[in-house]
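Engineer: Got a structure for you, questions after.
Computed from the coordinates by the stated procedures, all read-outs in this text should not be read as laboratory data. Here the structure is a predicted model, which means the values were calculated and not measured. Cβ atoms come from the backbone with ideal geometry, glycine included; neighbour counts cover every protein chain shown.
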Amino acid sequence: MSNLQVVTNTFKNHPVRAFEDSGTAWFVAKDISNALGYRDATSMTRMLDDDERGTRLVSTPSGDQEMKTINESGMYHALIKSRKPEAKPFRKWVTSEVLPSIRKTGSYTMPSTTLTPASQRTIQEQVAALAHENKAYAKYYSALKTHFRVGTYKDIPENKLTEALEVLQGVVVEQAALPVPEVMNIPDDMMLVSRMNFEALKNRVNMIYKRHQEMDSIKIAIDLTQAALENVKRDIDKYIYSTNDPVREANMIADAIKH
C-alpha cells in the first residue's frame, strides 16, 4: 500500500483512514466499525458482500500490517445496518469531508457506469429502512427517477451513489388523512315506508299474540270439558253395576248427568 495515498480524518476522536484505489474509495474496516459502534471489524464485514470488502497492507507506526478494508458501497451498507445515533452524523461527515479529501482533481475519477449490484442493494436497503413505517416504497424510488431523470433507479450512474442516498434522505412522506365516513341521507318517502312497515309489523305481532291467547282459552275449555266427561263416565260406571233394577239404573244415570 506504499504506492497509495492514505488520508486520515478524525470523527469524534476516531481516526478514519481512507484511500482511493483504481477509481474506488476504500476505508480501513476497523476505523469504520469503531466510529459506528460495531463490536469489531470482523462482525461488521461479515454481513457485507464479497465485492464490498477486502484486505490491504496499511502502514502503521509499527510497520505495514494487513487489515480488513471496505469500499464506499460497503461503508454505506454498514451505515444502514448500524442502529447507533452516530450513523447519521457520520454519513454527513464522510460525504462532506472524507470523500472530497480523497477525490482531488485528477486523482479520483469513477467510470460513468450505472449502479453496480452492490450499490443497487445499498439503495434497496436504504429505501427499506426509510419506508419501514410509512410503507411508501414507491415514493422513494419515484424520487430517485425524477431527480436523475432515469427510467429505473438501476440506471443511476455509479458515481452518483452518494447523491442518490442523500435524495432518499430528503424525501418527505405525508401521512394520508383518514377518510371521513359519509353520512347516509335517507329520503323522506323511504322513512315513511319504513314507519308504515314498522306499524304493520307491530299490528301483526299483536294479532298473533291475541290469537295465541284465544287458543289458550279454548284449550283450557276443552281440558275442563274432557275432565267433566271423565267424571260422568266414572259415575255411570259406578252406578251401572250397583243394581240389577233397570229403572233405578236409568234414574241414577239421569241424576249423574244432571250433576
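Engineer: Within 10 Å of each residue's Cβ, count the other Cβ atoms and sort V127, V173 from fewest upward.
Structural biologist: V173, V127
Engineer: Once amide H atoms are built 1.01 Å from N in the peptide plane, which residues 5 or more positions from I156, or in another chain, come under 5 Å H to H?
Structural biologist: L115
Engineer: Which shape class, rounded, prolate or oblate, goes with the range 1-104 when its Cα gyration tensor gives a ≥ b ≥ c as root eigenvalues, a/c under 1.5 marks rounded, and past that a/b bigger than b/c marks prolate?
Structural biologist: It is rounded, given that a/c, with a ≥ b ≥ c, falls under 1.5.
Engineer: Find the relative contact order for the range 1-104 and round it to a whole percent, using C-alpha pairs within less than 8 Å whose residues are 6+ positions apart.
Structural biologist: Relative contact order of the range 1-104: 27 percent.
Engineer: Which whole-number percent gives the relative contact order of the range 113-176, counting Cα pairs below 8 Å spaced six or more residues apart?
Structural biologist: 47
Engineer: For D21, which sequence-distant residues (separation of 5 or more, or a different chain) have an amide H within less than 5 Å of its own amide H, given hydrogens modelled in the peptide plane?
Structural biologist: Amide H to amide H, under 5 Å and 5 or more residues apart or across chains, D21 pairs with W26.
Engineer: A further question follows. Add +1 for every Lys or Arg and -1 for every Asp or Glu among the other residues with Cβ under 12 Å from the Cβ of D49, and state the total.
Structural biologist: After counting each charged neighbour, the total is -1.
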